[in-house]
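Below is one structure, written out as structure tokens; comments come after it.
The values are calculated or read from the model by the stated rules, or taken from the named source; none is laboratory data. Note that this is a predicted model, so its numbers are computed, not measured. Every residue, glycine among them, receives a Cβ derived from its backbone with ideal geometry; neighbour counts consider all protein chains shown.
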Amino acid sequence: MAAGPYNYSYIFKYIIIGDMGVGKSCLLHQFTEKKFMADCPHTIGVEFGTRIIEVSGQKIKLQIWDTAGQERFRAVTRSYYRGAAGALMVYDITRRSTYNHLSSWLTDARNLTNPNTVIFLIGNKCDLEAQRDVTYEEAKQFADENGLLFLEASAKTGENVEEAFLDTARKIYQNIQDGSLDLNAAESGVQHKPSSPRGTQLSNDQPTNKEGCAC
Amino acid sequence: MNDSGARSAMPQVSEGLGRAMSPQRRPFWKRNAPKVPGRSVQASPVRENLKDQKPRKTLSFQDFEDNTSDAWDDAEDEIIALSEAKLSFENLLPASVNHGKTASNHQASLPQRSKETTAENTVPDFPSQSSPGKSDEMSNISRQKGVGPGVGIRQQSTPEDVTPPVLPPVPTPPTFPTSEDTAESGDWTLTPSEGRPNPPSRLSRQLGRACSDDKSLTEREGAKLKKVNEFIAGPNTDLDGLKKMVWSGVPREARPTVWKLLSNYLPANVERRSMMLERKREEYFRFVDQYYPSRTQELHVETWRQIHIDIPRTNPLIPLFQQKVIQEIYERVLFIWAIRHPASGYVQGINDLVTPFFVVFLSEYTDLDVITEDFDASQNLDEKALCSIEADCFWCLSKLLDGIQDNYTFAQPGIQLKVNALRELVKRIDAPLHAHLEAHMVEYLQFAFRWMNNLLMRELPLRCTIRLWDTYLAEPQGFSTFHLYVCAAFLIRWRKDLLRKGDFQGLMLHLQNLPTIHWGDDEVNLILAEAYRLKYMFADAPNHLNQKKNT
């Protein structure tokens with residue numbers, strides 16, 4: 001647990017979406033714990049993870065919501081899209097059906113997040129080259145056509161996992177810097193922390209944070 | 001938590017609870033008549049007395065029961081007006097739903113709440129299908145009083161009304177703030193000793209039982225097993241009596257039979273049992289023959305694939321469940337259930353619910369603790385045993401799910417409503433904790449969704465879930481309404497840790513990884529005791545509210 005309240009200057013909110021069994025929770029676990037969790041039980045509703053990273057010398061706390069992939073949970077998981085600064089959209093390179101569903105995930109992401117939300121496409125399980133069912137090229141083309149960042153990664157080996165999370169943060173940070181992301185806008189998914197070490201209950205002062213949940 | 005003392009007193013607690021639970025066990029109430037409060041229907045004057053005085057009226061349990069029955073009668077008109085047909089179904093729903101449906105004349109005061117608390121697509125659009133088997137059971141329940149403890153919670157739950165009128169606000173939250181009507185809550189909660197009153201220790205004190213050494217514990221366990229076996233032996237098992245006996249836990253040896261009886265799977269009549277089991281097992285395997293081949297058809301292939309992906313991820317840390325023969329049992333049970341219940345279909349979490357049944361029914365065939373010890377199913381069990389276990393799991397799972405099916409239908413209205421009810425409940429019984437969670441933007445749905453969807457199985461070790469289910473099976477609406485109270489008690493169990501966490505991250509991570517790994521029966525018993533106290537406190541509240549409205 002991070003000790004001081006202000007050992008970071010921003011909070012970015014992420015959401016991880018994609019079909020069941022593509023490895024969303026394992027990616028999160030690999031990113032936050034640097035470990036592969038082989039026996040990861042399926043996610044119910046949403047689960048939360050957090051890690052502090054550094055981008056351009058700024059400490060950024062990522063608050064990551066890992067969502068359940070099953071259709072039945074969408075009513076619940078949809079409420080987490082709003083207020084996400086970054087969306088990691090995951091498919092499994094060994095299962096074409098998970099790739100084919102991307103357009104539906106993308107529609108959700110586009111409709112439910114704000115226009116500035118950075119969407120990053122991750123083709124997971126790239127360690128299983130022998131079982132590959134989706135080529136890098138076609139996924140790359142899909143990503144380009146839809147303006148998505150894209151990498152193939154492996155939650156098992158850790159390959160490109162850091163990069164995916166960090167590149168998303170860099171892009172968000174860049175959007176802040178060039179003014180295209182308005183920090184004051186509701187549901188920007190970004191909170192700026194004043195550098196003064198005063199007031200531990202900053203979240204109280206951030207009414208825009210309220211949208212995290214539908215209940 | 002000031003429960004350390006209580007924990008050491010736990011051996012009596014379960015016993016005491018069993019007694020407290022059993023309304024017809026009059027000696028307990030009689031014996032404690034001066035101390036154990038009854039509910040007075042004409043209780044409004046109590047409010048004036050509440051501050052510094054316990055209810056003077058000496059009430060036996062019979063008085064209490066009579067009075068509450070009266071209270072129920074008053075409110076019944078309203079419900080009956082809505083139609084008998086609805087009645088049995090509504091009792092399937094969490095109490096708060098119940099309210100929404102029955103007290104439609106109060107809707108005017110509710111819409112904002114329902115809007116803010118449920119997503120648009122979760123407006124209680126309740127499935128109209130009625131699963132076979134639930135009607136009998138449920139209409140029985142519907143005739144019991146006190147079926148809607150949550151009703152009152154919703155009805156008068158605007159924060160403005162609930163400023164505790166009489167109590168020191170912190171840190172003794174668990175009072176029923178608008179408690180003008182609850183004489184017993186006065187007694188239970190208005191004598192806060194230190195911090196939160198501790199029902200188990202109070203109970204055991206009241207019972208005046210002080211034997212807690214292991215020997216007497218074992219003796220009592222033995223005596224309990226004997227009594228339970230007498231119930232089981234028939235010729236007609238008294239199910240109500242059995243429920244009272246096992247509310248505080250079923251002895252391991254008797255558990256398979258007791259669970260099947262309390263699931264209304266095994267008939268009360270001893271002579272019919274073996275025939276019935278045979279018939280049901282045959283029926284199940286007819287389903288398998290009939291439906292299982294369809295798993296590759298386009299209509300069902302998606303369901304099948306989901307189940308197939310989930311099974312290896314079910315109980316991943318217990319080697320037993322990595323065995324192929326057992327995974328195949330799960331796949332069949334879940335697939336057959338799913339396609340026979342298209343309104344919900346297979347929802348992740350249901351797979352977990354097979355496990356307690358499986359482990360318990362397996363224990364009929366082995367003395368090993370299959371959770372912790374290596375057990376090779378294909379070597380130690382013959383085909384017939386495996387088939388029996390499988391069929392029994394299917395039927396008992398079906399019975400369980402009949403009572404909570406709206407947890408798994410579209411948009412999961414049952415869960416949404418229970419999470420809201422949990423929020424309202426905690427707001428009332430532990431305002432500081434509730435305020436702390438709110439202040440840090442922690443939403444109940446963020447952590448309690450899973451508590452409802454998986455019946456706390458992700459939060460508790462399997463052995464604790466099994467103990468919990470002893471009580472759920474013995475409680476009316478154990479897996480639905482009572483579970484809500486258990487969740488409230490469970491959350492409050494962590495209040496100290498939670499209040500210490502000063503940020504959203506800390507709270508969420510703690511709530512997602514509650515340290516229950518070393519929990520055993522004692523800890524579960526404490527939670528159950530508190531849950532029972534809450535249920536007791538809030539039961540019948542709607543009637544009092546209605547009276548207030550009417551007069």
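Take A:S9 and decide whether it is farther than 30 Å from B:R500 by Cβ, of a type in the set (S, T, Y) and surrounded by fewer than 23 Cβ atoms within 10 Å (Cβ to Cβ). No, not satisfied. None of B:S248, B:S185, B:S179, B:S204 is modelled with pLDDT under 90, under 19 Å from B:N525 (Cα atoms) and not assigned by the TED database to the domain that holds B:W469 except B:S204. Among the candidates B:V426, B:V419, the residue that is part of a helix (DSSP H, G or I), aliphatic (A, V, I, L, M) and within 9 Å of chain A (Cβ to nearest Cβ) is uniquely B:V419. Listed conditions (1) assigned to a helix (DSSP H, G or I); (2) under 15 Å from the mean Cα position of the chain (by Cα) are all met by A:N175, apart from (2).
Any residue in the stretch B:279-301 that is within 14 Å of chain A (Cβ to nearest Cβ), free of Cβ contacts under 8 Å to residues at least 60 places away in the same chain, part of a helix (DSSP H, G or I) and under 24 Å from B:N454 (Cβ atoms)? No. Annotation: A:Y99 fulfils all but one of (1) away from chain B (no Cβ under 14 Å); (2) assigned to a loop (DSSP other than H, G, I, E, B); the unmet one is (2). When A:F36 is tested against (1) in contact with a strand residue (DSSP E or B) (Cβ under 9 Å, 6 or more places away or on another chain); (2) more than 11 Å from chain B (Cβ to nearest Cβ), exactly one condition is not met: (1).
Annotation for the stretch A:112-135: at least one member residue is more than 9 Å from every other protein chain (Cβ to nearest Cβ) and of a type in the set (G, A, S). Considering the stretch B:439-533, there are no qualifying helices (runs of 4 or more DSSP H) wholly inside with 3 or more residues that are away from chain A (no Cβ under 11 Å) and out of contact with any helix residue (DSSP H, G or I) (no Cβ under 8 Å at 6 or more places or on another chain).
Note on the stretch B:304-355: among residues that are buried (at least 21 other Cβ atoms within 10 Å of the Cβ) and among the acidic types (D, E), the one that is farthest from the other protein chains (Cβ to nearest Cβ) is B:D352.
Let's see how each residue does on (1) within 12 Å of the chain's Cα centre (by Cα); (2) crowded, with 23+ Cβ neighbours inside 10 Å:
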{"position": "A:G45", "(1), (2)": "no, yes"}
{"position": "A:E54", "(1), (2)": "no, no"}
{"position": "A:K59", "(1), (2)": "no, no"}
{"position": "A:W65", "(1), (2)": "yes, yes"}
{"position": "A:R72", "(1), (2)": "no, no"}
{"position": "A:R82", "(1), (2)": "no, no"}
{"position": "A:L88", "(1), (2)": "yes, yes"}
{"position": "A:Y91", "(1), (2)": "no, yes"}
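Kindly establish whether B:G349 is modelled with pLDDT of 90 or more and over 19 Å from A:P41 (Cβ atoms). Criteria not met by B:G349. Remark: pairs (first residue in the stretch A:41-67, more than 8 Å from every other protein chain (Cβ to nearest Cβ); second residue basic (K, R); Cβ separation under 6 Å; 6+ apart in sequence or on different chains) = A:I52/A:K59; A:I52/A:K61; A:V55/A:R170; A:L62/A:R51; A:D66/A:K24.
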